[in-house]
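First comes the structure, then the notes that go with it.
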Amino acid sequence: MPKHNLHAAAAAAALVCLAAFGPLPSSIASPSARPAGSATADTARFVPAPCPKPPEPIEALSHARCGLLQVPENRSRPGGRTIKLVVARIPAVSAKPAKDPVVFMAGGPGADAIDDIPFLVDSGLNKDRELIVMAQRGNLYDQPNLACPEIDRFNAQAVGLGYDARQAEQLLLKAVKACRSRLTAAGVDLSAYNTTENAADFADLRKALGIPQWNVYGYSYGSNLALTYLRRHPEGIRAVAIDSITPPEVVTLPWTWSSSAEGIRNIFAACAAQPACKNRYPDLPHTLDEQVRRLEAHPLTLNVTPPGGGKPVKTVLDGGALLNLIVAFTPRPRDIPAALEELAHGNPQRFAQARAAGSVQKVGVFAHGLTNSVACGEWAPGYSESDVLKAGRDAFPGWPDTVLAQVPQLPFQYPVCGIWDVPDRSSVQRVATVSSVPALVISGTFDAKTGASWAKDVARDLSGSTTVLVPGIGHWVVPQSPCAQHVLASFLARPTGPDTGCVDDLKPEPFTIIPK
């Protein structure tokens, strides 16, 4: 993909993505320039509008039809203010497309769905049907946009701090408090930015566009949203495809530890199954354990040039940072054994440069506000920091508690939630989706963010489901796997009988072998 890096995008597609694109264009104003309206209408309305203009142009938007979906901010408060969500309709490539479009649900929560369009187009999502992309509430180009530049600036600074350092916690909480104060002062109801409201937005979109029936494709948090949508608004859904599964009924902060352990374990097992990799890296679990303990006891402080160039930045590599880089697949899975071997022999370059990449943040584009409202309202309640630590100890016995006390990808989330202060929605959200609507459940064996084994539990409640496990692929499978793209296309054509034959012969690609 020219202009877009798939591995970087896949790495960012965690439960919390860490990057998005550019400032708001003048055609779609920011909250400060044009705040969400005070209209009292309680029904959704779609209004045509110019397409977003990202700093890095997206070709598919040049021939798309775009607009804004106006919906109530909080549906439990009739007559309240409305918000506006950006929508892009990408036409089908086929001259005779199917009548039922596919609607996309992005990951995050908080990721910019518009930025995902090139990956979706290159994956063939609009080959035979229209592709509809709507930014979840609070995302870039929406009104309001729940970006937190304060947190982006902290993330850039954090690469020079210990992952679990007290100073890092203090700076993060200061940034969170500043963002919350700014958003609430602008009138944003943070409690309304949740999965239930997100699902209702998509139900309203289908009706507002006058579409009798459509198909749904969501990945990561978007799979959570898709399952919630299917459970609460099943009407008009022809088929549902979910990729890198985040099951609503089980997602909590401690849950993330099991996924991290599973993905890493599968990477190491795949290496052991390749003779060249096994011979060169005979005991990867021991190497990882040893390096996490060593770096946590004696962190490395380096001056590192970020991958894109520029001035060297102070970079701290400790045990927590090492784990989180592996979970984020930076380096790529095929390079992880080599990177660990180099690290064990005094060369931290691959990991250090990946850590330094975090110093280059796109400020003000990722919807951290949506992330925190979902994480604090739906994932954190009912558990505590001690539960996180226990889950970490179960996943990685013998590792330092300072590493295991912080949820992968969401450090200091319980103190953050103490500041964010949104209602407990766990009883509403932690519900399994039981449905006979045809479903495709796709997972990658190397996924260390949403472990592949969780797919079977979701599929058990979807009586019309087909489960596909793709070897050697990490988070967000479809853009990375031509086979998965074929399976998804066949599923959309024949939801009750997709062609999954290409999966049978798949094997993980060879791992990088460095000379001794």
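Hey, for a label at Ser181 modelled as a point 7 Å past Cα toward Cβ, could you say which residues of the stretch 409-431 have their backbone N under 13 Å away?
Answer for the stretch 409-431: none.
Scan around Lys362 for amide H atoms under 5 Å from its own, H built in the peptide plane at 1.01 Å from N, and keep only partners 5 or more places away or cross-chain.
Long-range HN contacts for Lys362: Ala20.
So for each of 395-407, 87-99 I average, over its residues, the number of other beta carbons within 10 Å; can you give me the resulting order with the highest mean first?
395-407, 87-99
For the stretch 186-226, report the translational diffusion coefficient in µm²/s to the nearest whole number, using Stokes-Einstein at 10 °C, 1.306 mPa s, and a Kirkwood Rh over Cα pairs. Walk me through the numbers before you get to the answer.
Details: Rh = 11.7 Å.
For these conditions, the coefficient is 136 µm²/s.
Find the all-direction average of the projected area of the Cα convex hull for the stretch 216-316, expressing the result in square nanometres with one decimal place.
Values: hull surface 44.5 nm².
So the mean shadow area of the Cα hull is 11.1 nm².
Give the Cα extents of the stretch 334-381 along the principal axes, in whole Å, largest first.
Answer, in whole Å and largest first: 44, 27, 18 Å.
Of Gly309, Val477, Val403, whose Cα points farthest to the positive end of the dipole of the chain (charges on the beta-carbon: +1 Lys, Arg; -1 Asp, Glu; origin at the Cα centre)?
Positive-most Cα among the choices belongs to Gly309.
Might you work out the accessible area of Trp420 for me, using a 1.4 Å probe with all protein chains in place, and round it to the nearest 10 Å²?
Using a 1.4 Å probe on the heavy atoms, I get roughly 0 Å².
On a 1.4 Å probe surface of the protein chains, which of Asp505, Asp112 comes out largest in accessible area, and what is the full order?
From most exposed to least exposed: Asp505, Asp112.
Using a 1.4 angstrom probe and counting only protein chains, how large is the accessible area of Asp128 in Å², to 10?
Using a 1.4 Å probe on the heavy atoms, I get roughly 70 Å².
Consider a paramagnetic label point 7 Å from the Cα of Asp128 along Cα→Cβ; state which residues of the stretch 440-468 have an amide N under 19 Å from it.
Only 440-442, 465-468 fall inside the zone, counting backbone N under 19 Å.
Dipole of the chain, Cα-centred, from +1 at each Lys and Arg C-beta and -1 at each Asp and Glu C-beta, to the nearest 20 debye?
900
Using a 7 Å offset from Cα along Cα-Cβ at Val93, what residues in the stretch 479-496 end up with backbone N under 18 Å from the label point?
479-494
If I ignore ligands, DNA and RNA and count only protein heavy atoms, how much of Thr371 is accessible to a 1.4 Å probe, in Å² to the nearest 10?
Spelled out: Thr371, probe radius 1.4 Å, area about 10 Å².
Pairs of Cα atoms under 8 Å, at least six residues apart: use those to get the relative contact order of the stretch 411-483, whole percent.
Here the relative contact order equals 32 percent.
Would you mind calculating the relative contact order of the stretch 385-516 from Cα pairs under 8 angstrom and at least 6 residues apart, reporting the percent as a whole number?
About 17 percent, as a whole number.
When the chain is fully extended, how far beyond the present Cα-Cα distance does His286 get from Arg393, taking 0.36 nm per residue of separation? Kindly include the intermediate steps, with their values, before the conclusion.
Working: separation 107, 0.36 × 107 = 38.52 nm, distance 1.60 nm.
Gain on stretching His286 to Arg393: 36.9 nm.
Determine the distance separating the Cα centre of the stretch 196-256 from the Cα centre of the stretch 327-372; give it in Å without decimals.
Each part's Cα centre sits 30 Å from the other's.
With an 8 Å cut-off on Cα pairs and a minimum separation of 6 or more residues, tell me the relative contact order of the stretch 341-430 in percent.
Details: 51 pairs, mean separation 31.6, N = 90.
Once divided by the residue count of the stretch 341-430, the mean separation gives 35 percent.
Through the Karplus equation 6.51 cos²θ - 1.76 cosθ + 1.60, θ set to phi - 60°, convert the phi angles of the stretch 400-416 into ³J(HN,Hα) values in whole Hz; use x for Gly and Pro.
Calculated HN-Hα couplings, in order: x, 4, 5, 7, 7, 6, 10, 4, x, 6, 9, x, 6, 5, 5, x, 4 Hz.
Quick one: if you stick a label point 7 Å off each Cα along the C-beta vector at Ala344 and Arg75, how many nm between them?
5.3
State the answer as a single residue: which of Leu173, Pro247, His368 lies farthest towards the positive end of the charge dipole of the chain, with beta carbon charges of +1 for Lys and Arg and -1 for Asp and Glu, about the Cα centre.
Positive-most Cα among the choices belongs to His368.
Using a 1.4 Å probe and counting only protein heavy atoms, arrange Asp504, Asp289, Asp142 so the residue with the most accessible area comes first. Intermediate values should be presented prior to the final figure.
On the way: Asp504 125, Asp289 45, Asp142 0 Å².
The ordering from most to least exposed comes out as Asp504, Asp289, Asp142.
If the cut-off is a Cα-Cα distance under 18 Å, which lysines reach Lys507, setting aside same-chain residues fewer than 8 apart in sequence?
Straight-line reach from Lys507, under 18 Å: Lys278.
Along the charge dipole of the chain, which of His63, Ala339, Ser191 sits closest to the positive end, that is, farthest toward it, with unit charges on the beta carbon of Lys, Arg, Asp and Glu (+1, +1, -1, -1)?
Final value for the positive-end residue is His63.
Take the alpha carbon atoms of the stretch 125-189, find their center, do the same for the stretch 416-484, and report the distance between the two centers in whole angstrom.
Here the answer is 23 Å between Cα centres.
Antiparallel as a % of all DSSP beta bridges within the chain, to the nearest 5?
Looking only at bridges with both residues in the chain, the antiparallel portion is about 50 percent.
Does the stretch 45-102 classify as rounded, prolate or oblate by the C-alpha gyration tensor (a ≥ b ≥ c root eigenvalues; a/c under 1.5 gives rounded; else a/b over b/c gives prolate, otherwise oblate)? Spell out each step's value before the answer.
Numbers: a/c = 3.57, a/b = 1.70, b/c = 2.09.
It comes out oblate by the Cα gyration axes.
Go through Cys51, Cys148 and list them by solvent-accessible area, largest first, probe radius 1.4 Å.
So, going from the largest accessible area down, we get Cys51, Cys148.
With a ≥ b ≥ c the root eigenvalues of the C-alpha gyration tensor of the stretch 231-276, is it rounded (a/c under 1.5), prolate (a/b larger than b/c) or oblate?
Oblate, because a/c is 1.5 or more while a/b does not exceed b/c.
For the chain, what is the convex hull volume of its Cα atoms per residue in Å³?
Working: hull volume 69.7 nm³, N = 516.
Convex hull volume per residue, Cα atoms: 135 Å³.
What is the calculated FRET efficiency for Leu173 to Ser463, with r their C-beta to C-beta distance and R₀ = 45 Å, to the nearest 0.05?
0.50
Suppose every K and R has +1 on its Cβ and every D and E has -1 on its Cβ; what is the size of the dipole of the stretch 412-516 about the Cα centre, in Debye to the nearest 20? Please list the in-between numbers first.
Working: 8 positive and 9 negative charges, 18 e Å.
With only Lys, Arg, Asp and Glu charged at Cβ, the dipole is about 80 debye.
What whole-number value in cubic angstrom gives the convex hull volume per residue for the C-alpha atoms of the stretch 244-395?
Hull volume over Cα atoms, normalised by residue count, gives 141 Å³.
Where the only charges are on Cβ atoms (+1 Lys, Arg; -1 Asp, Glu), what is the dipole of the stretch 140-222 about its Cα centre, to the nearest 20 debye?
Roughly 160 debye, rounded to the nearest 20.
Once you sort the root eigenvalues of the Cα gyration tensor of the stretch 385-516 as a ≥ b ≥ c, which label holds: rounded (a/c under 1.5), prolate (a/b larger than b/c) or oblate (the other case)? Could the numbers behind the result be given before it?
Numbers: a/c = 2.68, a/b = 1.32, b/c = 2.03.
Because a/c hits 1.5 or more and a/b fails to exceed b/c, the stretch 385-516 counts as oblate.
The values are calculated or read from the model by the stated rules, or taken from the named source; none is laboratory data. All of these numbers come straight from a predicted model, not from anything done at the bench. When we count neighbours, we look across all protein chains shown, and the Cβ atoms used for this are built from the backbone with ideal geometry, even at glycine. Protein only, heavy atoms only, side chains kept; ligands, DNA and RNA dropped before computing areas. Shrake-Rupley method; radii C 1.70, N 1.55, O 1.52, S 1.80 Å.
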